[in-house]
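Some notes on the structure that comes next.
The values are calculated or read from the model by the stated rules, or taken from the named source; none is laboratory data. Remember, it's a predicted structure, so these values are computed and weren't measured experimentally. When the accessible area is computed, the model is the full protein with side chains, heavy atoms only, and any ligands, DNA or RNA have been set aside. Shrake-Rupley method; radii C 1.70, N 1.55, O 1.52, S 1.80 Å.
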Amino acid sequence: MTGAIRMWAAAFIAALAITRADAADLTPTPEPLPPAPPIFYVHVGALGAFYSPPDAQSTGGGFLKSIPVLGGVTLNNVAIPPSYTVGLEAGYFITPNWAVALSAGVPPPLRIKATVFTGAAALGTDQLGSVRVGPLMALLQYHLTQFGAFQPYFGAGAAYVVMFGNTSDGILSNFSVDPTFSFVVQGGFDYMLTQNWGVFVDAKKLIYLNPNFQGDVLNTNIHIKTLGKIDPWIASAGITFKY
C-alpha cells in the first residue's frame, strides 16, 4: 500500500510540474518598450538665402530701387543675388512634440547691385557694396511624430539680423547695413534613417526684415540712407542628429 501511495504521489508531482511548464509556455512574451523620445536635436547642412526684390522708402537722400546721382547718373533696379553658407540649428524638446530651437549659420556675404546702372562702364562696377550678415533666430516648434521615420515640423519666432561689417565698397563708399529685428516662420521635416541619425529639409521666411542701407555716393559727400525691405527665403538641407 505504501508503495502504491508513493507511486501516485510521484505521478501527481510530475503532472503538476508539466502543467506549470505548459502554463509558462502559454504566458505571452512582453512587447519591447518603445525607444525614449529624443531630448535634443542638431541640424547641420548647406544653406541658401534668396532675397525678395528690394523695396524701399527714402529716409533722407534717395531710394534703394532708384537712386538719382549728379550728372544724370542713376542707380536703377537694385538687386540682391542669393548667398550660400553652412547652417546650424539646435533644439531642445520640452515635450515629445514641442521644442525650442536656435538657428544660425556662418555669416554669408550680402551683395547689393544696381543691375541697370548708367555709369557702370565708366566706374567698372555695378555693385553698391557688400556686408556679411548673420540672422540669429529663436523658434518655437511643433514636431509631428506619428508618421514613423518621416517627422515634419512647423515653427515660428523672431530673428535678430547682425551685420558683421563692410566687406567691400562699390558705388557707395563707407557702405553699411544696420542690424535689425524680424519675424520668422518655418516648415520642414526630418527623415530618420536610424533612431538617432537622419536627414532634414527646412525652409524659413523672414518677415518685416527692413534694415537701413547707407553710404556715400561715388566718394562724394552725398549720403544715401534708405530703409529697405528684403524678406528672404532661407532654405537648408543636411544631416540631423537626435538623442
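Summarising the amide proton neighbourhood of Ile230: residues at separation of 5 or more, or on other chains, whose placed amide H is nearer than 5 Å comprise Leu209. Using 0.36 nm per residue and subtracting the Cα-Cα separation, the extra length available between Trp197 and Ala46 on full extension is 52.7 nm.
With a 1.4 Å probe and all protein chains kept in place, how do His223, His143 rank by accessible area, largest first?
Putting His223, His143 in descending order of accessible area: His223, His143.
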